[in-house]
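Asks: Have a look at this one before I ask anything.
The values are calculated or read from the model by the stated rules, or taken from the named source; none is laboratory data. In this text the structure is predicted, and so the values were computed from the model without any measurement. No Cβ is skipped: glycine too gets one built from the backbone with ideal geometry, and neighbour counts run over all protein chains shown.
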Amino acid sequence: MIDEKEAIARHFAKTPKPTDGIKAALIDMDGVLYDSMKNHTAAWFRMATELGIECTRNEFYGYEGMTGAATINVLFQRAYGRDASPEEVKALYARKAQYFVEMGEPQMMPGAAQMLNTLRDAGITRVLVTGSGQQSILDRLDRDYPGIFAHDKRVTAHDVTHGKPDPEPYLKGLQMAGCNAREAIVIENAPLGVLAGSRSGCFTVGITTGPIPEADMTASGADIVYASMPEFASHLPSLLNAFKD
Ligand code: MG
């Protein structure tokens, strides 16, 4: 049984809760707005395997949220004991991105449009916060989710140095939203993203939309965990109300 009020009370045990509800939602993209992680993991696995680096497809679910360079360096450190050069990163990320494109367009996440419309109708600022630099999917946002993300309210791989699990992407998102951590929620689907959200100080929602177990979200600092996007979308009005109690 998910208890929104209890989760909020726990989060605000030491700091005062804003009295008039939250002002912004900082929203991850892959695995939240798009059912894209199975294609990302397949593309990473293909690229790494072709290089002769031993890996499993599932391990790439664990790297979700890291920058492309950080993921490539995990592979390079393991296989060669060194970081990749900037040229290697560029070439290998381009190859991975190409494999991702070749698999076709990932589906919009069921329930995501309902979730976004609820936020918009409640007057809550939406900020996209993704570690992705995958242009093929960033280009779809205006078509798939029209009027949801203003162009000056998007943090992507191009805007951050550290990437998740560093809180930097979410701190940038707070800046863009013009509010502080107490007034915003983070919406995430992956442990490193949850960790980044939690470190930023925001109330962090973890949603399991793939093979990552709910326990991993909790262990990474999620304030509340939902079993699917449709479940979160249906609970979102009561979550927003509970912030105002
Ligand atoms: Mg994600």
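Asks: If the requirement is being within 13 Å of ASP28 (Cβ to Cβ) and polar (S, T, N, Q), which of these qualifies: ASN180, ASN189? Talk me through it step by step, then tell me what you get.
Replies: Numbers: ASN180 fails: within 13 Å of ASP28 (Cβ to Cβ).
From the options ASN180, ASN189, the qualifying one is ASN189.
Asks: Sticking with this structure for a sec: Criterion first (among the hydroxyl-bearing types (Ser, Thr, Tyr) and in contact (Cβ under 8 Å) with a residue 40 or more places away in the chain) does TYR63 satisfy it?
Replies: Values: among the hydroxyl-bearing types (Ser, Thr, Tyr): yes; in contact (Cβ under 8 Å) with a residue 40 or more places away in the chain: yes.
Answer is yes for this residue.
Asks: Just to be sure, is THR19 more than 16 Å from ILE207 (Cα to Cα), within 14 Å of the ligand (Cβ to nearest atom) and among the β-branched types (Val, Ile, Thr)? Let's see the steps before the verdict.
Replies: Values: more than 16 Å from ILE207 (Cα to Cα): yes; within 14 Å of the ligand (Cβ to nearest atom): no; among the β-branched types (Val, Ile, Thr): yes.
Taking the combined requirement at face value, the residue does not satisfy it.
Asks: Would you call SER228 among the small types (Gly, Ala, Ser), surrounded by fewer than 17 Cβ atoms within 10 Å (Cβ to Cβ) and within 15 Å of the ligand (Cβ to nearest atom)? Outline the logic, then answer.
Replies: Numbers: among the small types (Gly, Ala, Ser): yes; surrounded by fewer than 17 Cβ atoms within 10 Å (Cβ to Cβ): yes; within 15 Å of the ligand (Cβ to nearest atom): yes.
Yes; evaluated as a whole, the condition is true for this residue.
Asks: Is it the case, given these coordinates, that GLU168 is away from the ligand (no atom under 15 Å from the Cβ), in contact with a His (Cβ under 8 Å, 6 or more places away or on another chain) and not small (Gly, Ala, Ser)? Explain how you work it out, then say what you get.
Replies: Working: away from the ligand (no atom under 15 Å from the Cβ): yes; in contact with a His (Cβ under 8 Å, 6 or more places away or on another chain): yes; not small (Gly, Ala, Ser): yes.
In short, yes.
Asks: Out of ILE53, ILE8, which single residue is in a helix (DSSP H, G or I), away from the ligand (no atom under 16 Å from the Cβ) and of a type in the set (Val, Ile, Thr)?
Replies: On the way: ILE53 fails: in a helix (DSSP H, G or I).
After ruling out the rest, the residue left standing is ILE8.
One line per residue, one yes/no per condition, for (1) away from the ligand (no atom under 12 Å from the Cβ); (2) in contact with a Ser or Thr (Cβ under 8 Å, 6 or more places away or on another chain); (3) closer than 16 Å to VAL186 by Cα:
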position: THR15; (1), (2), (3): yes, no, no
position: ALA25; (1), (2), (3): yes, yes, yes
position: ASP28; (1), (2), (3): no, yes, yes
position: LEU33; (1), (2), (3): no, no, yes
position: SER36; (1), (2), (3): no, no, no
position: HIS40; (1), (2), (3): no, no, no
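Asks: Something else now. Taking the stated definitions as given, is GLY197 at pLDDT below 95, over 18 Å from ASP20 (Cα atoms), outside any strand (DSSP E or B) and of a type outside the set (Val, Ile, Thr)?
Replies: Values: at pLDDT below 95: no; over 18 Å from ASP20 (Cα atoms): yes; outside any strand (DSSP E or B): yes; of a type outside the set (Val, Ile, Thr): yes.
Spelling it out, it is not the case that GLY197 is at pLDDT below 95, over 18 Å from ASP20 (Cα atoms), outside any strand (DSSP E or B) and of a type outside the set (Val, Ile, Thr).
Asks: Still on this structure, please answer the following. ASN58 fails exactly one of the following numbered conditions: (1) exposed (fewer than 15 other Cβ atoms within 10 Å of the Cβ); (2) away from the ligand (no atom under 16 Å from the Cβ); (3) touching a residue at least 12 places away in the same chain (Cβ under 8 Å); (4) within 30 Å of TYR99 (Cβ to Cβ). What is the number of that condition?
Replies: Result: ASN58 passes all but (2).
Let's see how each residue does on (1) charged (D, E, K, R); (2) within 16 Å of the ligand (Cβ to nearest atom); (3) at pLDDT 95 or above:
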{"residue": "PHE76", "(1), (2), (3)": "no, no, yes"}
{"residue": "MET109", "(1), (2), (3)": "no, yes, yes"}
{"residue": "ALA112", "(1), (2), (3)": "no, yes, yes"}
{"residue": "ASN117", "(1), (2), (3)": "no, no, yes"}
{"residue": "VAL127", "(1), (2), (3)": "no, yes, yes"}
{"residue": "THR130", "(1), (2), (3)": "no, yes, no"}
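Asks: Being on the phi > 0 side of the Ramachandran plot, within 16 Å of the ligand (Cβ to nearest atom) and either of a type in the set (Gly, Ala, Ser) or part of a loop (DSSP other than H, G, I, E, B) (or both): is that true of GLY65 here?
Replies: Details: on the phi > 0 side of the Ramachandran plot: yes; within 16 Å of the ligand (Cβ to nearest atom): yes; either of a type in the set (Gly, Ala, Ser) or part of a loop (DSSP other than H, G, I, E, B) (or both): yes.
Yes: the conditions hold for GLY65.
Asks: Read through the list (1) surrounded by fewer than 17 Cβ atoms within 10 Å (Cβ to Cβ); (2) closer than 24 Å to LEU236 by Cα, then give the number of the only condition that MET176 fails.
Replies: (1)
Asks: Output the number of the condition that ALA196 fails; it satisfies all remaining conditions of (1) crowded, with 23+ Cβ neighbours inside 10 Å; (2) without any contact (Cβ under 8 Å) to a residue 40 or more places away in the chain; (3) touching a Pro at 6+ places or on another chain (Cβ under 6 Å).
Replies: ALA196 satisfies all of (1) crowded, with 23+ Cβ neighbours inside 10 Å; (2) without any contact (Cβ under 8 Å) to a residue 40 or more places away in the chain; (3) touching a Pro at 6+ places or on another chain (Cβ under 6 Å) except (2).
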